[in-house]
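Chemist: So that we are looking at the same thing, I have put the structure below in structure tokens.
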Amino acid sequence: MSQIYKREMVFIVTGVVALVMMLDYFFGKNIPGISGAGNISSTLQTWALIIQLMAIGLGAINLIQVHYRQISRKTNMAVYSAWFMGFFALLLLLGFYKLATGVELYPYTWIFKNVYVSLGTTLYAITGFYIFSAAYRAFRARNIDAAILLIGGIFVLLANAPIGEVIWGGFPLIGNWFNNVGQVPGMRTFTVVGALGLLAFGFRALIGKERGFYSEVQ
Amino acid sequence: MIGNIAVAYPTDPLAIAGLWIALFLMLAIYSYPLWKENPVYRFAEHTFIAAALAIGIIVNLTSLMNTAVTPLMSGNLLMIIPILLGFCMYFLLVPKQRWVSRYPIAILVGSSLGLGIASNPLPSIVNQIISTVTPPKAGTAVWAMFPGAPTGDWFSFAFVAIGCLCATTYFLLTYEHIGPVKPVTIAGRYFIMLALGAYFGNTVLFRFSMLAERGKYLLQVLGLVPL
Amino acid sequence: MSGQNIWDKLQNVDRRVFYWILFVALTVPFLSPIGLPITITPSSQAFYDGIKTIEKGEVVVLSINSGVSAWGDCLPAMVASVHKVYDQGGKLIVWSIGYTDVDITWAKIKEKLPDVFSKWKEGEDYVYFGYSPPQETNVALLRDNIRAIYPKDVRGVATDQIPLMKDINGANKIKFVLSSDTGDAQMYYVRQWKNGPVNYEKTEKPPTVAELGIAMNKSGDMAYFLSGDLFGLVAGSRGAAELEALTGYKGDATITMDSISVSHILLVLAIILTNISMFATRGNKK
């Protein structure tokens, strides 16, 4: 009995919220109080939004714990962790100043524009290198499946690059057909099968069979 | 002409310093693949994590102020409930009281699930099936392998219809793929391989575009190309 | 080692050699762009045909759901689209679903279009709301009540006081959503704005959705484009270059195409080389 509020009540809350969303979607106009601004569905969506906004602190706490451990144990990464903590604290202070006063100080803008943007674009772009070496080492026509993958990939590559058209007019013709039609059976199947899986998963979650969202209490 | 509106190279020392520091950080990150792991790369990596986390917190807090705190201060006392539920999320860090965090997660999961279950079937299942079985109008550009050829549309339509059937058969895992089903599933696998090959081609374009943009930035800071 | 022929050596080349070759190949073409002609694909043409139907005063939403890391793919398409919306006399609402660096992306778009933003008035012709969290519930809420998420814009002006937002508090007065994505935020709009819920008034036309995304979205979203859920699909820097060619405003994507050409040729040659070496060494191994 004492466990009801730890498990069963949680599933009931999930189910009720999901039901309200579904009712809003299909019958909202016909059921007063469910749909539209200020009503139950809209209120629950606002609450979900606010909960999500507040959850970012969890990631911050976790990272701070990890780096604090590095510093306290004086590992070889301690100096980087110390730099992380210092820079994070500085940026947070500047950000809180902006939050409190509405004024964005020049150092904050400068760091955002020159540090964050540069590092963000660079770190994601690094995968371009790996894709090149991976393609060189692994993209081999060992069997029919790999050969079809290879042929499809090469034609699309040469359709995407304007030089493909200069080399041979067939590259953009066939490559664009692969892009517009050839890939559709596979991708459409992933879409349909994925959506069916989501439906099955969703119903399992609604009836309480999927417990992966909720960490188990000892 | 938009793209050749060049922004003048800055004259302000802080702005110039910003460009060069951004370039230094970029090269610091690229020192890892182009050379080997080194302290400069580690430093740049930790700098990014700190910056991303801090900026994420500030932006989320700003949004929270607008969505919850300001209405609460204006008299909408109902906003106390989601704010309290948001604080309940932090019980994830307290092992004995972790169950408290399940309630805000329940609202998050329930809202996403409800919307997903309700709204997903139409575009992702129904419209896809309708599109597969609806023959194209003559001359539809997307379908034509050979622009202007009257049979191009029907070839493509048949390709997609047969391909979808074969590929879906491949994913039917509740019975063994033997007998007359086997060639259909093999064909399905080939259709999927073609889709993955095209996906690879597009992935390469994305990754190389990102890398090219960084190469352009190097030239811009060196003044060889307009900013 | 001494028994290795050229094909074996080729298969064991240090990967850093490739990285340097690639980096140089991607960088050098910017020094002297050639500007090869670009074929327009049907999905980009459909997007352009769609935004050409914007009439004076109609409102379009630009949802910036991509970060600074995707500028190479998404930014040129957004710039060209905003310019076209301006040309058509349309109005723009801008926000982001889930990207904290949207401020800098929007600043970059404005920097690229001085001729537009010197004439457009903020609050009357366009409004910028900024960040909101990455959730489908967020998009569903925007459909019914924009003010719940954006009670004010980034300048701090209350949404009720913004002239552009006078009659707009949801999806029912919006003509299009142009969604610039690295993921599947465009599907949030398709599911929540275009396809439902079924409580739009019969006289109201739900907004249609187009994608201005990364190149990988060409694969993922082509099925939705063919089924009519997306009215246009501009994917990757190639799609952006096509859009720039269609609008007549050549920009960053067109310049990048030379770099893309060189790098793609290199990759194709590398793949051909590795397959030849595989077949050549296969006989030796037997």
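Chemist: Could you list all residues from the range C:21-45 that are part of a loop (DSSP other than H, G, I, E, B) and closer than 13 Å to B:K216 by Cα? Even if it seems obvious, please write down each step before you answer.
Modeler: Step one: of the range C:21-45, the residues part of a loop (DSSP other than H, G, I, E, B) are C:32-41.
Scanning the range C:21-45 gives C:S32, C:P33.
Chemist: Let me ask something else. Which numbered condition trips up C:V82, out of (1) more than 11 Å from chain B (Cβ to nearest Cβ); (2) out of contact with any Phe, Trp or Tyr (no Cβ under 6 Å at 6 or more places or on another chain); (3) of a type in the set (V, I, T); (4) farther than 18 Å from B:S209 by Cβ?
Modeler: (1)
Chemist: Hey, another quick one. Please find, within the range C:46-71, the residue that is farthest from the other protein chains (Cβ to nearest Cβ) out of those that are under 20 Å from C:I109 (Cα atoms) and part of a helix (DSSP H, G or I).
Modeler: C:I51
Chemist: Hey, another quick one. Go through the range B:73-86 and report how many residues are more than 7 Å from every other protein chain (Cβ to nearest Cβ) and either acidic (D, E) or under 19 Å from A:I56 (Cβ atoms) (or both).
Modeler: Total meeting the criteria: 2.
Chemist: Give me the pairs, please: first residue somewhere in the range C:262-282 and assigned to a helix (DSSP H, G or I), second residue anywhere and buried (at least 19 other Cβ atoms within 10 Å of the Cβ) and among the hydroxyl-bearing types (S, T, Y), beta-carbon distance under 8 Å, and either six or more positions apart or on two chains.
Modeler: Between residues of the range C:262-282 that are assigned to a helix (DSSP H, G or I) and residues that are buried (at least 19 other Cβ atoms within 10 Å of the Cβ) and among the hydroxyl-bearing types (S, T, Y), the close pairs are C:A270/A:Y136; C:I271/A:Y136; C:L273/A:Y136; C:T274/A:Y136.
Chemist: Show the residue pairs meeting these rules: Cβ distance below 6 Å; 6+ apart or different chains; first residue within the range B:97-125 and more than 7 Å from every other protein chain (Cβ to nearest Cβ); second residue assigned to a helix (DSSP H, G or I) and surrounded by fewer than 23 Cβ atoms within 10 Å (Cβ to Cβ).
Modeler: Filtered contacts from the range B:97-125: B:Q97/B:F91; B:V100/B:C88; B:V100/B:F91; B:S101/B:C88; B:S101/B:M89; B:S101/B:F91; B:S101/B:L92.
Chemist: Considering each residue of the range C:21-43, count those that are within 11 Å of chain B (Cβ to nearest Cβ), surrounded by 14 or more Cβ atoms within 10 Å (Cβ to Cβ) and not β-branched (V, I, T), and give that number.
Modeler: 9
Chemist: To continue, here is another question. Only one of B:Y9, B:Y32 is in a loop (DSSP other than H, G, I, E, B) and either under 23 Å from C:G67 (Cβ atoms) or more than 7 Å from chain A (Cβ to nearest Cβ) (or both); which?
Modeler: Details: B:Y32 fails: in a loop (DSSP other than H, G, I, E, B).
Just one listed residue meets the conditions, B:Y9.
Chemist: Of the residues A:L63, A:L53, which single one is buried (at least 21 other Cβ atoms within 10 Å of the Cβ), in a helix (DSSP H, G or I) and modelled with pLDDT of 90 or more? Spell out the reasoning first.
Modeler: Working: A:L63 fails: buried (at least 21 other Cβ atoms within 10 Å of the Cβ).
Exactly one of A:L63, A:L53 is buried (at least 21 other Cβ atoms within 10 Å of the Cβ), in a helix (DSSP H, G or I) and modelled with pLDDT of 90 or more, namely A:L53.
Chemist: Here is a follow-up. Scan the range A:192-209 and tell me whether some residue there is among the β-branched types (V, I, T) and part of a helix (DSSP H, G or I). First the steps, then the outcome.
Modeler: Filtering the range A:192-209 down to residues among the β-branched types (V, I, T) leaves A:192-193, A:207.
Restricting the remaining residues to those that are part of a helix (DSSP H, G or I) gives A:192-193.
Yes, there is a match, as at least one residue in the range A:192-209 is among the β-branched types (V, I, T) and part of a helix (DSSP H, G or I).
Chemist: Sort out which residues of the range C:92-146 are more than 30 Å from A:V17 (Cα to Cα), facing another protein chain (nearest Cβ under 10 Å) and outside any helix (DSSP H, G or I), and write them in order of number.
Modeler: C:D101, C:L113
Chemist: For the range C:74-91, which residues satisfy the criterion of being part of a strand (DSSP E or B) and under 15 Å from C:S237 (Cβ atoms)? If you could, list the steps in order and put the result at the bottom.
Modeler: Initially, the range C:74-91 is screened for residues part of a strand (DSSP E or B), giving C:91.
Listed by number, the list is empty, since nothing qualifies.
Chemist: Could you please tell me which pairs satisfy a Cβ distance under 7 Å, a separation of 6+ or placement on different chains, a first residue in the range A:36-62 that is more than 7 Å from every other protein chain (Cβ to nearest Cβ) and under 15 Å from B:C88 (Cα atoms), and a second residue that is at pLDDT below 90 and surrounded by fewer than 17 Cβ atoms within 10 Å (Cβ to Cβ)?
Modeler: Going by the 7 Å Cβ cut-off, there are no qualifying pairs.
Chemist: Collect the residues in the range C:256-269 that are at the interface with chain B (Cβ under 9 Å from one of its Cβ atoms) and closer than 21 Å to C:F47 by Cβ, keeping them in residue-number order.
Modeler: Of everything in the range C:256-269, those that are at the interface with chain B (Cβ under 9 Å from one of its Cβ atoms) and closer than 21 Å to C:F47 by Cβ turn out to be C:T256, C:I260.
Chemist: Those residues that are buried (at least 24 other Cβ atoms within 10 Å of the Cβ) and over 21 Å from B:R189 (Cβ atoms), I need them from the range A:156-175; list them, please. Steps first, answer last, please.
Modeler: Taking the range A:156-175 and keeping what is buried (at least 24 other Cβ atoms within 10 Å of the Cβ), we get A:156-161, A:164, A:175.
A:L157, A:L158, A:A159, A:N160, A:A161, A:G164, A:G175 - these are the residues of the range A:156-175 that are buried (at least 24 other Cβ atoms within 10 Å of the Cβ) and over 21 Å from B:R189 (Cβ atoms).
Chemist: On to the next question. Just to check your reading of the model, which residue among C:A171, C:A235, C:A185, C:A245 is crowded, with 24+ Cβ neighbours inside 10 Å and more than 9 Å from chain B (Cβ to nearest Cβ)? Even if it seems obvious, please write down each step before you answer.
Modeler: Working: C:A171 fails: crowded, with 24+ Cβ neighbours inside 10 Å; C:A235 fails: more than 9 Å from chain B (Cβ to nearest Cβ); C:A245 fails: crowded, with 24+ Cβ neighbours inside 10 Å.
Of C:A171, C:A235, C:A185, C:A245, the one residue that is crowded, with 24+ Cβ neighbours inside 10 Å and more than 9 Å from chain B (Cβ to nearest Cβ) is C:A185.
Chemist: Could you look through the range A:120-135, keep only residues that are crowded, with 21+ Cβ neighbours inside 10 Å and under 20 Å from C:V13 (Cα atoms), and pick out the one that is modelled with the lowest pLDDT?
Modeler: Only one residue tops the list, namely A:A135.
Chemist: For C:G89, which of the numbered conditions (1) free of Cβ contacts under 8 Å to residues at least 40 places away in the same chain; (2) closer than 21 Å to C:G50 by Cα; (3) within 20 Å of the chain's Cα centre (by Cα) fails to hold?
Modeler: Unmet for C:G89, out of (1) free of Cβ contacts under 8 Å to residues at least 40 places away in the same chain; (2) closer than 21 Å to C:G50 by Cα; (3) within 20 Å of the chain's Cα centre (by Cα): (3).
Chemist: Check off (1) at pLDDT 95 or above; (2) not assigned by TED's automatic domain parsing to the domain that holds C:M187 for C:S277 and give me the number that stays unchecked.
Modeler: Evaluating C:S277 over (1) at pLDDT 95 or above; (2) not assigned by TED's automatic domain parsing to the domain that holds C:M187 leaves (1) as the failure.
Chemist: It is to be established whether one or more residues within the range B:135-149 are charged (D, E, K, R), crowded, with 16+ Cβ neighbours inside 10 Å and modelled with pLDDT under 90.
Modeler: Residues of the range B:135-149 charged (D, E, K, R): B:137.
Those left that are additionally crowded, with 16+ Cβ neighbours inside 10 Å: none.
No, the range B:135-149 contains no residue that is charged (D, E, K, R), crowded, with 16+ Cβ neighbours inside 10 Å and modelled with pLDDT under 90.
Chemist: Every residue in the range B:185-198 that is surrounded by 19 or more Cβ atoms within 10 Å (Cβ to Cβ) and either more than 7 Å from chain A (Cβ to nearest Cβ) or outside any helix (DSSP H, G or I) (or both), please.
Modeler: B:G188, the sole residue that qualifies.
Chemist: Same structure again: Could you tell me whether the range C:76-87 includes any residue that is among the hydroxyl-bearing types (S, T, Y) and within 21 Å of B:L61 (Cα to Cα)? Before the answer, list the steps.
Modeler: Residues of the range C:76-87 among the hydroxyl-bearing types (S, T, Y): C:81, C:86.
Add one more test, that the residue is within 21 Å of B:L61 (Cα to Cα), and what stays is none.
Checking the range C:76-87: not a single residue is among the hydroxyl-bearing types (S, T, Y) and within 21 Å of B:L61 (Cα to Cα).
The values are calculated or read from the model by the stated rules, or taken from the named source; none is laboratory data. These numbers were taken from a predicted model, which means no experiment stands behind them. Quick reminder, even Gly has a Cβ in these numbers, built from the backbone with ideal geometry, and neighbours come from all protein chains shown.
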